[in-house]
1. Tally up the residues in segment 75-86 that are more than 19 Å from A183 (Cα to Cα) and within 31 Å of the chain's Cα centre (by Cα), please.
2. Do you know which residues across segment 177-232 are among the charged types (D, E, K, R) and more than 30 Å from G31 (Cα to Cα)?
3. Looking at A252, A247, A225, which one is more than 20 Å from F276 (Cβ to Cβ) and surrounded by 11 or more Cβ atoms within 10 Å (Cβ to Cβ)?
4. Which condition does L150 not pass, out of (1) modelled with pLDDT under 90; (2) more than 38 Å from the chain's Cα centre (by Cα), if it passes all the others?
5. Looking at A183, A174, which one is closer than 30 Å to A101 by Cα, over 16 Å from the mean Cα position of the chain (by Cα) and surrounded by fewer than 19 Cβ atoms within 10 Å (Cβ to Cβ)?
6. Could you list all residues from segment 177-234 that are of a type in the set (S, T, N, Q) and under 30 Å from P147 (Cβ atoms)?
7. Among the residues of segment 63-77, are any assigned to a loop (DSSP other than H, G, I, E, B) and at pLDDT below 85?
8. Pick out the one residue from L273, L277, L355, L244 that is of a type in the set (A, V, I, L, M) and within 16 Å of L380 (Cα to Cα).
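The values are calculated or read from the model by the stated rules, or taken from the named source; none is laboratory data. Model, not experiment: these values are computed from the prediction. Ideal geometry is used to build each Cβ from the backbone, glycine not excepted, and the neighbour counts take in all protein chains shown.
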Amino acid sequence: MASDGSIRETHEAGTGRAELPYRLRQQALMGAFARMALQTRDLDALLQRASELCAEGLGASCCQVLEYRARDHAFVIRACTGLAPGLVGTDVTAGDEATPASYAFRTGAGVLANGIHGGAGAPQDGARFHLPDILASADLCHAVNVPIALGDVSRRAYGVLEAWGREGHGFDRADQEFLAGFAGLIGIAVERHQGDARLRDALDHQVQLTREMSHRVKNSLGVVAGLLRLQARDAHSDEVRHALEDAGARIATVAEVHDHLWRGIHQLGMVELADFLRELVAKLQEEAPGHALACEADPKVISADQAIPIGLVVNELVTNAVKHAYPQGTGPVRVSLAVRADGLRLAVRDEGVGLPPGFEVSMRQRSLGLKIIGSLIRQLDGRLTTAADGPGAHFVLDIPLA
């Protein structure tokens with residue numbers, strides 16, 4: 001009986017290659033591909049690199065990754081090396097089981113088919129195969145094919161990884177195992193890609209549901225605000241009318257945030273604060289004809305949980321200025337937002353009669369508006385101060401950001 005050493009020597013003489021360096025090179029190529037598979041999410045690039053490395057590791061004339069498409073029982077060439085680049089995306093029938101790829105996919109087993117000539121041959125596994133039409137003119141006569149299996153419960157196959165060689169470059173079982181190792185790594189990458197796609201679809205669906213919910217909340221709040229304004233018109237006292245109008249304005253401010261949430265293109269639950277404040281001040285301008293309301297704001301995306309209390313503070317301060325700053329007429333009210341290293345600085349100022357003597361924002365306030373402001377500032381973990389830097393009242397709110 002021939003020894004393993006003599007068998008190896010005979011094999012090396014027949015193939016013209018040194019067996020040990022050849023196998024070590026295959027291991028190195030598989031390791032390089034495994035690292036790439038962990039680092040990239042680009043499936044097309046990964047499949048193309050797999051075909052290149054498999055062809056290199058086997059000394060094959062060509063190698064291709066075939067994805068099975070069930071709806072028309074066909075393979076799609078997803079990547080190829082050694083063939084015309086334009087073949088990527090081409091359909092190949094999967095119904096002809098006399099081709100190695102179709103046989104490997106149906107049986108779920110690797111196929112060695114050395115010595116295919118003239119449309120037929122006698123491969124090592126006993127089956128008889130022929131060249132597929134797409135390779136018929138490529139002077140190929142050796143093939144090795146392995147299915148690309150997925151690890152889900154169904155154990156379905158993604159497709160086939162196959163390599164073809166010309167005369168004098170037959171493949172052996174170790175080559176088949178090398179190709180099977182690559183197919184396993186490809187299967188893992190495909191599963192990850194499909195899982196990512198499912199997660200993206202689920203996230204997109206969740207985003208759509210959340211935006212739809214925000215849109216409906218905004219519409220519902222708008223109806224409530226409208227009803228309060230309508231009720232205010234029929235109020236029998238100024239006190240009740242003002243209370244209803246103020247309540248409607250507060251609800252409209254919250255509705256404005258939800259309007260930004262469903263229309264926004266930002267991360268789920270986030271609001272562009274500058275756009276929100278400008279639109280809020282524009283809405284308040286409609287309720288304060290004759291006053292010149294203006295807003296200057298640095299761009300900043302924040303969560304809706306922060307945007308709502310900030311908007312309510314602006315609503316209270318601007319509404320208070322409109323009501324009390326100009327008892328004999330109208331005048332300007334300016335809102336500004338600056339993004340600082342330590343957070344946000346929001347300022348609301350007017351040029352009216354100013355704050356009453358002895359006013360301190362830290363003191364316990366009797367008016368509902370100032371009580372609301374105090375509660376909102378605690379919610380924001382902010383600090384409200386007044387600045388005596390000119391005519392009128394000047395409120396400054398500093399808000400830390402995580």
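1. The qualifying residues number 2.
2. Those that are among the charged types (D, E, K, R) and more than 30 Å from G31 (Cα to Cα): D201, D204, R211, E212, R216, K218, R229.
3. From the options A252, A247, A225, the qualifying one is A247.
4. (2)
5. Of the residues listed, the single one that is closer than 30 Å to A101 by Cα, over 16 Å from the mean Cα position of the chain (by Cα) and surrounded by fewer than 19 Cβ atoms within 10 Å (Cβ to Cβ) is A174.
6. Scanning segment 177-234 gives a single hit, Q194.
7. no
8. Just a single option satisfies the conditions, and that option is L273.
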